[in-house]
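Written out below as structure tokens is the structure these notes cover.
The values are calculated or read from the model by the stated rules, or taken from the named source; none is laboratory data. Predicted model only: the values in this text are computed from it and were never measured. With ideal geometry, Cβ positions are generated from the backbone for all residues, glycine too; neighbour counts draw on all protein chains shown.
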Amino acid sequence: MKLKNKNVLVYGLGKSGLGAIKLLKKLKSKIFVYDDIKENLENFCNDNIIKVYEINEDFLRKTDLIIVNPCVSQYCENLKLASLLKVKMISEIELAYLFSKGKIISVTGSNGKSTTSTLIYNMFKLANKKASLVGNIGYSYSEEVSKNKKQTYIVEVSSFQLETIDKYHSNCSAFLNFSENHLDRHFSLKNYFETKCRIFNRVKNKDFKILNYDDEKVKNIKFDKNYYYFSLNQKVKGAYFFNDNIYFNNGKTEEFILHKSSIKLMGEHNIQNVLCAIIVAKLYKIKNEIIKKAVESFFGIEHRIEFVENINGVNYYNDSKSTTVKATLTALNCFKNNSVILILGGSDKGFDFNDLFSNMPSYVKCIVAIGEVKERVLNNAKENGFYNVYLIDDFFNSIKFSKNLAESENYDTVLLSPATASYDMFTSFEQRGETFKNLVKELKGEN
């Protein structure tokens with residue numbers, strides 16, 4: 001694709017949009033920018049870039065290409081009009097792919113993408129392989145490509161980014177798991193799954209495909225060659241967990257990689273993440289001692305079951321990254337020997353909480369419900385016989401209330417694991433997590 005002197009609209013000024021602008025400048029495109037949040041547009045300053053305050057038919061007829069921010073739905077009115085006028089629309093990762101040099105490793109799934117992508121990146125770094133961690137994790141793929149480096153790109157890929165890809169092709173693609181999410185965007189589980197599967201759209205027989213054997217939906221995706229599985233329960237071609245050890249099987253021989261004690265992360269789900277990362281490392285010829293060292297030195301990512309403080313014998317954990325019921329249940333499984341107050345809720349993603357309450361562990365003593373969905377949380381809890389739910393309007397008060405309740409009832413854990421997005425109160429799950437950590441530290445200072 002040649003973009004020199006072409007009229008390109010960057011729709012959305014988040015990190016991906018700003019990264020796309022840097023690459024488009026190098027490509028000498030004529031760049032236009034638009035954002036649904038007018039304040040973002042007003043505050044944007046960049047020479048030789050034209051701000052657009054209204055999208056209309058006349059403008060779109062002169063537009064050669066639209067780079068769509070992943071937060072922008074293809075069903076919004078402006079993009080529906082663009083589609084009607086047959087204006088080409090692609091995601092920022094598609095733009096980056098078209099001009100990148102080097103191998104591409106893509107990781108998708110409903111949960112665990114950031115942890116797995118980061119661990120793979122750490123393995124490459126320790127092996128002195130040139131690599132960059134980009135995509136949904138918050139680092140713009142296009143910005144890295146604009147630096148003109150030949151390296152391996154480890155790309156965390158969300159369903160939103162996969163909506164508008166065409167030629168995007170990975171040399172290695174991993175699908176970690178699948179569970180209900182983003183129904184406000186995809187409308188059905190079928191649509192959501194099909195969007196996730198777009199990560200495999202352009203794969204060839206020689207490309208590596210990695211699937212979760214323990215996930216019924218994911219393991220049934222079929223390929224002819226070069227597919228590998230990871231499993232906690234079965235000896236598979238790929239990586240598997242057996243008697244507290246991890247083994248790798250390449251289809252011909254198997255070898256011991258490491259013992260469970262090398263994994264510093266909490267929870268079985270993180271063993272699965274490690275298994276997937278190990279497959280990637282082995283396929284890219286990283287030595288076992290490097291793999292072990294990377295796993296032993298990896299303590300997780302921010303906002304994912306992150307210990308914050310201990311106040312008067314109560315431990316506070318930030319799990320703001322859990323934006324699905326499955327992710328929150330996975331987090332709760334890490335606290336089997338504790339008594340937990342769960343802070344739950346946020347913006348409405350279109351699903352209910354019946355799965356959460358029908359599988360609620362007995363060691364969760366109460367729910368502090370917040371955000372747009374708090375009434376639904378209460379109703380779903382009652383429907384499933386869980387009555388210890390408190391509705392709190394203010395985020396800070398939810399933490400303060402949890403602190404007082406934990407100390408009065410001798411509970412030992414307060415866990416923020418919202419199971420929803422953050423957009424009713426915050427701009428991102430990162431901002432929500434940072435706010436939680438800061439408020440907990442404030443409360444500790446008051447003691």
- Message: Taking the conditions exactly as written (touching a residue at least 40 places away in the same chain (Cβ under 8 Å), in a loop (DSSP other than H, G, I, E, B) and closer than 24 Å to residue 426 by Cβ), does residue 351 satisfy them or not?
- Response: yes
- Give the stretch 378-420 a look and list any residue that's crowded, with 19+ Cβ neighbours inside 10 Å, under 16 Å from residue 361 (Cα atoms) and free of Cβ contacts under 8 Å to residues at least 40 places away in the same chain, or say none. 380, 381, 386, 389
- Out of the residues in the stretch 1-60 that are of a type in the set (S, T, N, Q) and over 21 Å from residue 160 (Cα atoms), state the one that is modelled with the lowest pLDDT. 46
- Can you confirm whether the stretch 274-285 contains a residue that is of a type in the set (Val, Ile, Thr), within 19 Å of the chain's Cα centre (by Cα), outside the structural domain of residue 173 (by TED's automatic domain parsing) and closer than 30 Å to residue 104 by Cβ? no
- Task: Report those helices (runs of 4 or more DSSP H) wholly inside the stretch 30-100 carrying at least 2 residues which are under 23 Å from the mean Cα position of the chain (by Cα).
- Result: 92-99
- Item | Conditions (1) in contact with an Asp or Glu (Cβ under 8 Å, 6 or more places away or on another chain); (2) among the hydrophobic types (A, V, I, L, M, F, W, C); (3) touching a residue at least 60 places away in the same chain (Cβ under 8 Å); number of the one not met by residue 373 | (3)
- Item | Residue match in the stretch 308-329 (condition: of a type in the set (A, V, I, L, M, F, W, C), over 23 Å from residue 115 (Cα atoms) and crowded, with 19+ Cβ neighbours inside 10 Å) | yes
- Message: With the structure loaded, tell me whether residue 333 is in the same structural domain as residue 419 (by TED's automatic domain parsing) and either buried (at least 21 other Cβ atoms within 10 Å of the Cβ) or free of Cβ contacts under 8 Å to residues at least 60 places away in the same chain (or both) or whether it fails that test.
- Response: no
- Query: Can you name the number of the only condition in (1) in a helix (DSSP H, G or I); (2) modelled with pLDDT of 95 or more that residue 114 fails?
  - Reply: (2)
- Note on the structure: Of those in the stretch 282-310 that are in contact with a Gly (Cβ under 8 Å, 6 or more places away or on another chain) and assigned to a loop (DSSP other than H, G, I, E, B), the residue modelled with the lowest pLDDT is 302
- Task: Return the residue satisfying two criteria in turn: it lies in the stretch 255-288 and is in contact (Cβ under 8 Å) with a residue 12 or more places away in the chain and among the charged types (D, E, K, R), and of such residues it is nearest to residue 208 (Cα to Cα).
- Result: 282
